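The values are calculated or read from the model by the stated rules, or taken from the named source; none is laboratory data. Values in this document were obtained by computation on a predicted structure and should not be read as measured data. Cβ placement follows ideal geometry from the backbone for every residue including glycine, while neighbour counts extend to all protein chains displayed. Surface accessibility is based on the protein's heavy atoms, side chains included, excluding ligands, DNA and RNA. Shrake-Rupley method; radii C 1.70, N 1.55, O 1.52, S 1.80 Å.
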There are 4 protein chains.
Amino acid sequence: MIRAGIVGGTGYTGVELLRLLANHPNVEIAAITSRTEAGAAVSELFPNLRGHLELCFTEPEPTRLADECDVVFFATPHGVAMDMVPALLAQNTRVIDLSADFRLSDPVVWERWYGRPHAAPDLLAEAVYGLPEINRETIAQARLVACPGCYPTAVQLGFLPLLEQQLVDPGQLIADAKSGASGAGRKAALGTLLCEASENFKAYGVSGHRHLPEIIQGLHQASQSPVGLTFVPHLTPMIRGIHATLYAQLQRETDLQAVYEQRYATAPFVDVLPPGSHPETRSVRGSNMCRLAVHRPSAGNTVIVLSVTDNLVKGASGQAVQNMNLMFGQEETCGLTHIAVIP
Amino acid sequence: MIRAGIVGGTGYTGVELLRLLANHPNVEIAAITSRTEAGAAVSELFPNLRGHLELCFTEPEPTRLADECDVVFFATPHGVAMDMVPALLAQNTRVIDLSADFRLSDPVVWERWYGRPHAAPDLLAEAVYGLPEINRETIAQARLVACPGCYPTAVQLGFLPLLEQQLVDPGQLIADAKSGASGAGRKAALGTLLCEASENFKAYGVSGHRHLPEIIQGLHQASQSPVGLTFVPHLTPMIRGIHATLYAQLQRETDLQAVYEQRYATAPFVDVLPPGSHPETRSVRGSNMCRLAVHRPSAGNTVIVLSVTDNLVKGASGQAVQNMNLMFGQEETCGLTHIAVIP
Amino acid sequence: MIRAGIVGGTGYTGVELLRLLANHPNVEIAAITSRTEAGAAVSELFPNLRGHLELCFTEPEPTRLADECDVVFFATPHGVAMDMVPALLAQNTRVIDLSADFRLSDPVVWERWYGRPHAAPDLLAEAVYGLPEINRETIAQARLVACPGCYPTAVQLGFLPLLEQQLVDPGQLIADAKSGASGAGRKAALGTLLCEASENFKAYGVSGHRHLPEIIQGLHQASQSPVGLTFVPHLTPMIRGIHATLYAQLQRETDLQAVYEQRYATAPFVDVLPPGSHPETRSVRGSNMCRLAVHRPSAGNTVIVLSVTDNLVKGASGQAVQNMNLMFGQEETCGLTHIAVIP
Amino acid sequence: MIRAGIVGGTGYTGVELLRLLANHPNVEIAAITSRTEAGAAVSELFPNLRGHLELCFTEPEPTRLADECDVVFFATPHGVAMDMVPALLAQNTRVIDLSADFRLSDPVVWERWYGRPHAAPDLLAEAVYGLPEINRETIAQARLVACPGCYPTAVQLGFLPLLEQQLVDPGQLIADAKSGASGAGRKAALGTLLCEASENFKAYGVSGHRHLPEIIQGLHQASQSPVGLTFVPHLTPMIRGIHATLYAQLQRETDLQAVYEQRYATAPFVDVLPPGSHPETRSVRGSNMCRLAVHRPSAGNTVIVLSVTDNLVKGASGQAVQNMNLMFGQEETCGLTHIAVIP
């Protein structure tokens, strides 16, 4: 059994990790921490876990966590993991970070977008970017995995086949992305009250969103050339789901459908839909799948890719478990075969 | 492996059966029928099943179904099962009916509420009412199980402990029940359009709802005396979930919390919450649990029971699988350990 | 023109007052206060008001308010109005309080439910309870009107005809009430986040809610005898709307439909629906109407009344404007003829 | 008083016309037709109109309509108006068509997109495209006005200032548009059931949507050069609202904010928000406003315009009333000063 710990278990990615790990056949949840809830039973905060998990929140103490855990997940806001990770690694506990701390390889870029110096810049080089569809082998060897953000997962999986094969102009990419409100996390805030966010739709962060440099970094790597990306996120009146509508300009002829199907033929969590499809976010709700469709209206130059994920699963906690499976020699799909809940 | 068939697989209880059975360790889905979709792949209609199920809809033919299946589930509107069940039983295939056809033991009452004579009145006596919390042993022996309706499940589980012990006046029961829109089924209808049913709340069927005689039949059996029940269902702007708020008049003193905890001590799918709790429907969304809380405000005579279920799981397809487990000697919880999806 | 001021204009009842008063033909909004937003333009906070209102929030100063206003509305949490009202009345400015400060006539009861002594107990006797359907004449003469709570409005309008004529047992009343999330106000809180409150339904406050003594006070007055009321509020996954399902035990025969129609024949904002109706909350969304239907299933002893309002209009700001109209000799319906927005 | 008739009053644009016209100071609703509901009271179908409108549906008869009405609105599916309009015009009754019948000036294009020959091709040249922000003067003189579609309204108002001044490349336009479910109309259909469309987001019609030729026609006229437009509509889990996110490539420097403010300085229903704004659909819910914001991230070449409307008001019935006001010499804003309902 893999002994797993979770730091910061009171947010949405935390409870989702609990849902996935509690039913994982080869995992024992050894510890879950929360400064604010230390001492409370997990099932008090999350009654859906009653009968599934008899654990209490504890204070986050790196030494004890390292003793009790083979792997520690960070489901914390940015800035927490980078302070604790060195101690865990030093005791040979592996780390899967769901926060933004180790996603950007350049500490200067990190500081520009997060407004403070990075606390463990030397680890940025070692951290492996946890998108299994590009880094499956390196993830398996990694001590420290940085799970991609929710938008970056949906956007990169959609653009990768086009960029890796230089099929489109990398300088003219547009990602119009829509997310459910759970992307904003479980924190009391006016903007995501039901009365503010339901029956409403709006863009936000048009002038610049922290997921932009992360996406650009990944797309740059894929295309091996500078990337010009316009990224507009939108808040959608639903709980879970990301829908990325991607636009690119074709620069040579190809069979787009075949390109996508081949690229993801061996990826268990990327599903390329038949031509003409429109994936729905609910078709992946509660599951670790990303479903894609590729369109080229009127046989023109504009390629449109539709990419959907559950932002809390493939966009966060599910992908983290997928990474854990790879790191610990499990089947990649182990504990992740949930079927999306419809309706 | 239990070979299972589903008649009428295109509705919400049908797709929910597929979600549950596709991941059940000891079940093989042998057939799924639909007159309108015969020939189509199940995953075309329900893309959440892509990669989980390689089955096509077929025409419903009792003989072939009986050959291929150890058990057949009916996820059909009322009036379908009663025509096909005799042929299946005759070939020793067992039947679990999710429709209303075999829920009422009296054919006269059935005819009054469903507007036509019952087609297999002789089977009404044999059919076992599939509420495991009262009929666990008889279900295990049954050839034909009639799964309770969604409202009747939530209401009966809430009232049973009070009535079985004659703690309340059986002549003065009120069940104010609220259901998500999936209770209306997957059929094109004005009243359950998003534009009609979201941002809206209303009662319906106040003058009489088909679940009323079913609830009364069950409560009568429990209390061994005539039952006076006022039942008001409401349409709630959400997809899944039933919340029954039950009112009864106490007629002798007792420790209500203890009564409930003891009554359901061995029921794996009924969870009695601590005193003072308010169960949320989302705490059971996608899971087979019923969560209950019992209140007695100001130590007065009125007992209030709050009972929540997912109408498509414990209120329909999950309970059907629970019955199947009992009928085929499986662990009662086998394939039913899903944790509710929160948020 | 009536010069109106609003204290506490940043909450949902505040912005709703602005929506109603900005288009009222005989009102000029003279001042709107907010400690936290003083200096900011109202339309910055509420972009729906852009082009309709050129006002900035100011600090709440009673003297200046009294100078500038003929009437001041309090759209504040409880405990604010009772400190400021005496100064306003002293300068002959009339007050319409939407908070709970002057709803209960007994200061002892107020203190028990609100956890502190009342700051202006002498004014409790003078304050008129602002339910025009019972106090139309006294409201017209009042200096200080206490607007009813949202639940009390829907529940009292539903029960009044039965109790005033002693048609039902006043000791056995049940009010099962459902409210949209805006009833919780515009404040950052976990429980009313979209991710917590949508796709979810739950009861709350079963052991006792602050609207209970207010409802009992009103029903007692109507029935002239002690009232036994069980009140269970529920949080419903929508923004606006209250649906009260009321249960009472008939104690003498009568034509219930006629009783209701006669009782409200001259009430412009209470609409008794035809027999057999099920009022929908959306049929009053954004409007000041209360729609009622009365049922007696199977001609039994239980009467069921269905009562719907928009909690922010007839349950708060609309009723406040209705009171203002009466106090200042306007048509009762002036500025309140909005048609509910459907869909 | 303008005597107005409505053909096809049972859909969402029909009931919205009723809401707006019933409170219009200078309009009398003279007739409302519906083949299916002829004889029924309007308020039976739409209880929000109880007390506001004492009209019954009648059969649609052109001669009687022409006798009784100065203007007739068509709130019908496409293909109805083109058969009846000639008779109405012949009797000097003016027509405002909310359907698609007269939006495209070229009958060949119309036939290609709507799959049948146009029944009144000669009237296509006379029909005035009812977007007051470009055709205010011609609308005032028109006998026949074709109201724009909901998407075309939001998209054109967003792009016009850029194209009219040749600021962007007209061959590289992208419109990523999101609509609430009411855009699909009031008809029983699986896809817009609450259980299918809520908690879900998807694109549709990527290969071609009927609003595409209409938008291209309008943008072509504005830019005076061929237009290359990629248009992707999405179904959003809410009732009302359109959010168009528009992308264009700048081809010369300018002060974008000033361009937009000047373009719409005299348009009462287009509101250009301050720089850096993100308009919300709810800020126009129930109102006739279009709110716009223009962005240019990182001072790059890509211009992003955010445009929101209520699809049933400015995108349909409100714009129709605005056109009527212009045609009958009323103030453009008469009867259209509703403030959006927030929350």
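The residues of segment D:223-233 that are under 29 Å from residue A:177 (Cα atoms) and open to solvent by 10 Å² or more (accessible area, probe 1.4 Å), listed by number, are D:226, D:227, D:228, D:229, D:230, D:231. If the condition is being within 12 Å of chain C (Cβ to nearest Cβ) and free of Cβ contacts under 8 Å to residues at least 60 places away in the same chain, then segment D:326-337 contributes only D:337.
Of the residues B:210, B:240, the single one that is of a type in the set (Lys, Arg), within 23 Å of residue B:76 (Cα to Cα) and modelled with pLDDT of 95 or more is B:240.
Does segment C:165-177 contain at least one residue that is closer than 30 Å to residue D:237 by Cα, at pLDDT 95 or above and within 12 Å of another protein chain (Cβ to nearest Cβ)? So that I can check it myself, show each step before the final result.
Step one: of segment C:165-177, the residues closer than 30 Å to residue D:237 by Cα are C:176-177.
From what is left, the residues that are at pLDDT 95 or above are C:176-177.
Subsequent filtering for residues that are within 12 Å of another protein chain (Cβ to nearest Cβ) retains C:176-177.
Yes, because at least one residue in segment C:165-177 is closer than 30 Å to residue D:237 by Cα, at pLDDT 95 or above and within 12 Å of another protein chain (Cβ to nearest Cβ).
Of all the numbered requirements in (1) aromatic (Phe, Trp, Tyr); (2) within 14 Å of chain D (Cβ to nearest Cβ); (3) free of Cβ contacts under 8 Å to residues at least 60 places away in the same chain, residue A:110 misses one, and that requirement is (2).
Residue B:136 falls short of the stated requirement of being surrounded by fewer than 22 Cβ atoms within 10 Å (Cβ to Cβ), basic (Lys, Arg) and over 19 Å from the mean Cα position of the chain (by Cα).
Residues that are out of contact with any Ser or Thr (no Cβ under 7 Å at 6 or more places or on another chain) and of a type in the set (Val, Ile, Thr) were ranked within segment C:99-154; the one that is nearest to residue C:231 (Cα to Cα) is C:109.
With respect to (1) within 22 Å of the chain's Cα centre (by Cα); (2) of a type outside the set (A, V, I, L, M, F, W, C); (3) under 30 Å from residue C:341 (Cβ atoms), the lone exception for residue D:118 is condition (3).
Being within 8 Å of chain A (Cβ to nearest Cβ), over 20 Å from residue D:263 (Cβ atoms) and not in a strand (DSSP E or B), is that true of even one residue in segment D:209-225? I'd like the intermediate steps shown before the answer.
Residues of segment D:209-225 that are within 8 Å of chain A (Cβ to nearest Cβ), as a first pass: none.
No: zero hits.
Determine, yes or no, whether residue C:252 is at pLDDT below 95, surrounded by fewer than 24 Cβ atoms within 10 Å (Cβ to Cβ), within 17 Å of residue C:168 (Cα to Cα) and assigned by TED's automatic domain parsing to the domain that holds residue C:185. Yes: the conditions hold for residue C:252. Based on this model, can you work out whether residue C:13 counts as polar (S, T, N, Q), modelled with pLDDT of 95 or more and under 20 Å from residue C:142 (Cβ atoms)? Taking the combined requirement at face value, the residue satisfies it. Among the conditions (1) assigned to a helix (DSSP H, G or I); (2) free of Cβ contacts under 8 Å to residues at least 60 places away in the same chain; (3) open to solvent by less than 20 Å² (accessible area, probe 1.4 Å), the only one that residue A:99 does not satisfy is (1). For segment D:166-175, the criterion of being part of a helix (DSSP H, G or I), more than 26 Å from residue A:231 (Cβ to Cβ) and either open to solvent by 10 Å² or more (accessible area, probe 1.4 Å) or not assigned by TED's automatic domain parsing to the domain that holds residue D:232 (or both) is met by none of the residues. Do the conditions hold for residue B:21, that is, is it at pLDDT 95 or above, part of a helix (DSSP H, G or I), among the aliphatic types (A, V, I, L, M) and open to solvent by less than 20 Å² (accessible area, probe 1.4 Å)? Taking the combined requirement at face value, the residue satisfies it. How do the strands (runs of 3 or more DSSP E) wholly within segment D:259-325 filter down when requiring 2 or more residues that are farther than 26 Å from residue D:24 by Cα, away from chain A (no Cβ under 14 Å) and without any contact (Cβ under 8 Å) to a residue 24 or more places away in the chain: which remain? Hits in segment D:259-325: none. For segment A:178-205, taking the residues that are surrounded by 22 or more Cβ atoms within 10 Å (Cβ to Cβ) and part of a loop (DSSP other than H, G, I, E, B), the one that is farthest from the other protein chains (Cβ to nearest Cβ) is identified as A:180. Going through segment A:55-76 one residue at a time, which ones are part of a loop (DSSP other than H, G, I, E, B) and either buried (at least 22 other Cβ atoms within 10 Å of the Cβ) or away from chain B (no Cβ under 14 Å) (or both)? Once the filter is applied, which keeps residues that are part of a loop (DSSP other than H, G, I, E, B) and either buried (at least 22 other Cβ atoms within 10 Å of the Cβ) or away from chain B (no Cβ under 14 Å) (or both), segment A:55-76 yields A:57, A:59, A:60, A:61, A:69, A:70, A:75, A:76.
When you scan segment C:271-324, how many residues do you find that are among the charged types (D, E, K, R), within 13 Å of the chain's Cα centre (by Cα) and either open to solvent by 10 Å² or more (accessible area, probe 1.4 Å) or within 27 Å of residue B:207 (Cα to Cα) (or both)? It would help to see each step written out before you state the result.
Kept after step one, since they are among the charged types (D, E, K, R), are these residues of segment C:271-324: C:271, C:280, C:282, C:285, C:291, C:296, C:310, C:314.
Within this subset, residues satisfying the condition of being within 13 Å of the chain's Cα centre (by Cα) are C:310, C:314.
The next check asks that each one be either open to solvent by 10 Å² or more (accessible area, probe 1.4 Å) or within 27 Å of residue B:207 (Cα to Cα) (or both); those that pass are C:310.
Residues that pass the stated criteria total 1.
Might you check whether a residue that is under 30 Å from residue C:236 (Cα atoms) and among the hydrophobic types (A, V, I, L, M, F, W, C) occurs anywhere in segment C:114-124? For segment C:114-124, residues under 30 Å from residue C:236 (Cα atoms) and among the hydrophobic types (A, V, I, L, M, F, W, C): absent.
Look at segment D:12-29: where a residue is among the small types (Gly, Ala, Ser) and a partner is outside any loop (DSSP other than H, G, I, E, B), sitting 6+ places away or on another chain with Cβ atoms under 9 Å, you get D:14/D:6; D:14/D:7; D:14/D:32; D:14/D:73; D:14/D:317; D:22/D:29; D:22/D:49.
Condition (residue is within 14 Å of chain A (Cβ to nearest Cβ) and over 30 Å from residue A:236 (Cα atoms)) applied to segment D:146-156: is it met by at least one residue? Looking through segment D:146-156, none of the residues is within 14 Å of chain A (Cβ to nearest Cβ) and over 30 Å from residue A:236 (Cα atoms). Kindly indicate whether residue D:239 is open to solvent by less than 10 Å² (accessible area, probe 1.4 Å), closer than 29 Å to residue D:19 by Cβ and within 13 Å of chain A (Cβ to nearest Cβ). So residue D:239 passes the test. If you go through segment A:5-34 and keep only what is under 20 Å from residue A:148 (Cα atoms) and away from chain B (no Cβ under 14 Å), you end up with A:5, A:6, A:7, A:8.
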